[in-house]
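Accompanying notes for the structure given below.
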């Protein structure tokens, strides 16, 4: 018999991963909407538009993941941890794309591989570090 790994809220890791994916799709859509809106309606350049979209969508992702995915308290510590994981995930994504393209894989496939690896890293990092219960927070 397979045991489910349960969270403090009684939710298994698979259910949390699905929620993380839903939040990721919503966050990516938010980023893209802001990006397009700033370019089309505010005459912003592409780089500025994507940076603003990234910052706002990351804040949206933090709020949604802390409340919906991980049911965790929003604190300055979790906010900083979330940003650190997000930045590391972004760097990891770029490095994986570079490495996979360098060995001769088509850029489209490299992008999919990189997104999968970075998303897995982000989910596990947020679950076990960003929003993990600290020993002093666990009440039995």
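The values are calculated or read from the model by the stated rules, or taken from the named source; none is laboratory data. A quick note: this is a predicted structure, and the numbers were derived from the prediction, not measured. Heads up, the Cβs are rebuilt from the backbone with ideal geometry, glycines too, and the neighbour counts pull from every protein chain shown.
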Next item on the list: Run down 99, 72 and say which single residue is modelled with pLDDT of 95 or more and assigned to a helix (DSSP H, G or I).
Entry: 99
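Every residue, every condition in (1) surrounded by 13 or more Cβ atoms within 10 Å (Cβ to Cβ); (2) under 17 Å from the mean Cα position of the chain (by Cα); (3) farther than 18 Å from residue 27 by Cα, yes or no:
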| position | (1), (2), (3) |
| --- | --- |
| 82 | yes, yes, no |
| 97 | yes, no, yes |
| 104 | no, no, yes |
| 122 | yes, yes, no |
Next item on the list: Kindly provide the set of residues from the range 23-67 that are buried (at least 19 other Cβ atoms within 10 Å of the Cβ) and over 19 Å from the mean Cα position of the chain (by Cα), ordered by number.
Entry: 38, 49
Next item on the list: Taking the options 58, 30, 86, 50, name whichever one is in contact (Cβ under 8 Å) with a residue 12 or more places away in the chain and in the same structural domain as residue 128 (by TED's automatic domain parsing).
Entry: 86
Check: Which residues, counting only those in the range 68-80, are farther than 18 Å from residue 28 by Cβ, within 13 Å of the chain's Cα centre (by Cα) and buried (at least 18 other Cβ atoms within 10 Å of the Cβ)?
Finding: 70
